[in-house]
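Heads up: the structure comes next, in structure tokens.
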Protein chains: 4
Amino acid sequence: MALKWSVDEVFDYLRQEFPQALRDGVSYDVVKLEPGEAHVRLMAGEQQLRPGGTISGPAMMELVDFAIYVLLLAHHKEAARLAVTTNLAISFLRKPQPGAIVAQIRLIKHGRTLSVARVDIVSEVDGKLVASSEATYFMGGS
Amino acid sequence: MALKWSVDEVFDYLRQEFPQALRDGVSYDVVKLEPGEAHVRLMAGEQQLRPGGTISGPAMMELVDFAIYVLLLAHHKEAARLAVTTNLAISFLRKPQPGAIVAQIRLIKHGRTLSVARVDIVSEVDGKLVASSEATYFMGGS
Amino acid sequence: MALKWSVDEVFDYLRQEFPQALRDGVSYDVVKLEPGEAHVRLMAGEQQLRPGGTISGPAMMELVDFAIYVLLLAHHKEAARLAVTTNLAISFLRKPQPGAIVAQIRLIKHGRTLSVARVDIVSEVDGKLVASSEATYFMGGS
Amino acid sequence: MALKWSVDEVFDYLRQEFPQALRDGVSYDVVKLEPGEAHVRLMAGEQQLRPGGTISGPAMMELVDFAIYVLLLAHHKEAARLAVTTNLAISFLRKPQPGAIVAQIRLIKHGRTLSVARVDIVSEVDGKLVASSEATYFMGGS
């Protein structure tokens, strides 16, 4: 399980093939990328807040999905296009204050066809775990 | 369990308090609203597609979250502001073709403090079930 | 998607290959078996109760797992031995009174390698939905 | 968040109030108990195996449920009787070889009414993570 693409190559590919993920108002940053592991940071702006001023659930779920996609691309290059997420579960533990949150993703299973990623979302404002997620994805048909 | 707000009242409230949910490029429509049940339609545009041209996972998760929020507002008015989703799980069953998808949400438990909603996402293009989701939310503090 | 084994053939196989599922104190009954669908009944005895006298979570989870296995065997015969459940999620909605509960399982996706089953657990005592579960399983290696 | 009962007190209570959890053929051992954390070991015997000779899913789910109950009792004494698990999700990552498995449970949220536990199940045979689970429970009515 070695990395085949760097962060820059991943973002070049995303800008071309998946510009929706990098649309105006969404600001992602990959702060760590290693085999089987990545930390992806979202600087939450107005668009990511819900009533009450905390970061919204959909913003966190989109961050998880994006982090998975980054990790897949880094490991499999264009082949990641064939991957499909089959399940995603998330527990919202604390309402995250506005500011940056980091999705810390780690592969806990990396099979030939099925892989499982666990994701901790941590607030940079207070260092607390704000959400816990797990996703299964499938490489290949269906 | 009676409805306290109409679809129009729900959308008036959302436009004022949660404009992010109704931002440019996201087009929701409530096609059914009854006690304990709602059908919410997303007309998926470019912004909701992923590489390969099918509707993205985050677009479906945001639709589920939005449908839950609509149902909560219709039943509890402003009090829904205090509700928090504690868990959300989704299974992606088929890649949805571009076009409209409908989240059919139904409360399968409606307790004093905890409620559970089950959501089927159906494609209007071919009538197929494309995703299945379940979410638990909590009314009140935490 | 046609049935290849009857209820009797399924139970004959289980008695030989998986006697643990039919151990003393566990009483299962298949009350419906159709392509893509089954209803499996547990007559809960003392062994399935938890403090307070309601049916325990593990008894319900074992019932879900058993119902999935019955459905797999009925469709795939011995080949079901290769199937693995990859994820299982359950929401406990109401504490089930002692007595019979029925797992109503239905395949909502039946792919070549991945299938997803949704399970409603209904109490026969009062007809209420007591739990909702979903499981993904994978036919073949891993 | 301090412990109010020792392992011995927890087991004394279980023997009186929940003998089903400690029935013949099920052998649990608490190998670590600290505030917010516990390691519970299952020595899997014939009853916990499925066809193919690996440890069954229900045996792992029952272990998770038991580990949660031990942790709740240690923190809340008899009051834990009022707790209900609202959701449980588990991913099965590898087929566990026969032998001992350990559920390493840790509270990732400990609220007044809602708590969330994350559980890693590790095989003692090869040290590998065989399953990952998360459960939410609710203290008080419903």
Notebook entry, point to check: Does region B:120-129 hold any residues that are more than 9 Å from chain C (Cβ to nearest Cβ) and surrounded by fewer than 24 Cβ atoms within 10 Å (Cβ to Cβ), and which are they?
Noted result: B:V122, B:S123, B:E124, B:V125, B:D126, B:G127, B:K128
Checklist line | All positions within region A:38-51 that are over 16 Å from B:E17 (Cβ atoms), among the hydrophobic types (A, V, I, L, M, F, W, C) and not in a loop (DSSP other than H, G, I, E, B) | finding: A:A38, A:V40, A:L42, A:M43
Item checked: Selected residue [in contact with a strand residue (DSSP E or B) (Cβ under 6 Å, 6 or more places away or on another chain), surrounded by 15 or more Cβ atoms within 10 Å (Cβ to Cβ) and more than 11 Å from chain B (Cβ to nearest Cβ)] from C:I108, C:I101 -> C:I101
Next item on the list: Please determine, by comparing only the residues of region D:52-61 that are facing another protein chain (nearest Cβ under 9 Å) and either free of Cβ contacts under 8 Å to residues at least 12 places away in the same chain or among the β-branched types (V, I, T) (or both), which one is farthest from C:P19 (Cα to Cα).
Entry: D:P58
Note to self: Please go through region B:107-142 and give me each residue that is within 27 Å of B:R50 (Cβ to Cβ) and basic (K, R), ordered by number.
What the structure shows: B:R118, B:K128
Margin query: Going residue by residue through region B:14-21, is there one that turns out to be touching a His at 6+ places or on another chain (Cβ under 8 Å) and either closer than 22 Å to A:F138 by Cβ or not in a loop (DSSP other than H, G, I, E, B) (or both)?
Written below: no
Next item on the list: Please find, within region A:130-142, the residue that is farthest from A:E62 (Cα to Cα) out of those that are polar (S, T, N, Q) and within 13 Å of chain D (Cβ to nearest Cβ).
Entry: A:T136
Check: So how many residues does region A:52-84 have that are β-branched (V, I, T) and assigned to a helix (DSSP H, G or I)?
Finding: 3
Notebook entry, point to check: Is it true that some residue in region A:15-22 is surrounded by 14 or more Cβ atoms within 10 Å (Cβ to Cβ), touching a residue at least 24 places away in the same chain (Cβ under 8 Å) and under 13 Å from the mean Cα position of the chain (by Cα)?
Noted result: yes
Item checked: region A:23-36 - residue that is of a type in the set (V, I, T) and away from chain B (no Cβ under 14 Å) and, of those, nearest to the chain's Cα centre (by Cα) -> A:V30
Next item on the list: Could you please find all residues in region C:95-142 being over 21 Å from D:V64 (Cβ atoms) and of a type in the set (K, R)?
Entry: C:R106, C:K109, C:R112, C:R118, C:K128
Next item on the list: Filter region D:28-49 down to residues that are buried (at least 17 other Cβ atoms within 10 Å of the Cβ) and polar (S, T, N, Q), then give me how many there are.
Entry: 1
Check: For region B:102-110, does any single residue satisfy the condition of being modelled with pLDDT under 95 and more than 14 Å from the chain's Cα centre (by Cα)?
Finding: yes
Check: Any idea which residue in region C:70-96 is farthest from B:H110 (Cα to Cα), counting only those that are in contact with a helix residue (DSSP H, G or I) (Cβ under 7 Å, 6 or more places away or on another chain) and more than 7 Å from every other protein chain (Cβ to nearest Cβ)?
Finding: C:A80
Notebook entry, point to check: Among (1) facing chain D (nearest Cβ under 9 Å); (2) closer than 23 Å to D:Q47 by Cβ; (3) surrounded by fewer than 22 Cβ atoms within 10 Å (Cβ to Cβ); (4) touching a residue at least 24 places away in the same chain (Cβ under 8 Å), where does C:F66 come up short?
Noted result: (3)
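The values are calculated or read from the model by the stated rules, or taken from the named source; none is laboratory data. All values reported here derive from a predicted model rather than from experimental measurement. Don't worry about glycine lacking a Cβ; one is built from the backbone with ideal geometry, like all the others, and counts go over all protein chains shown.
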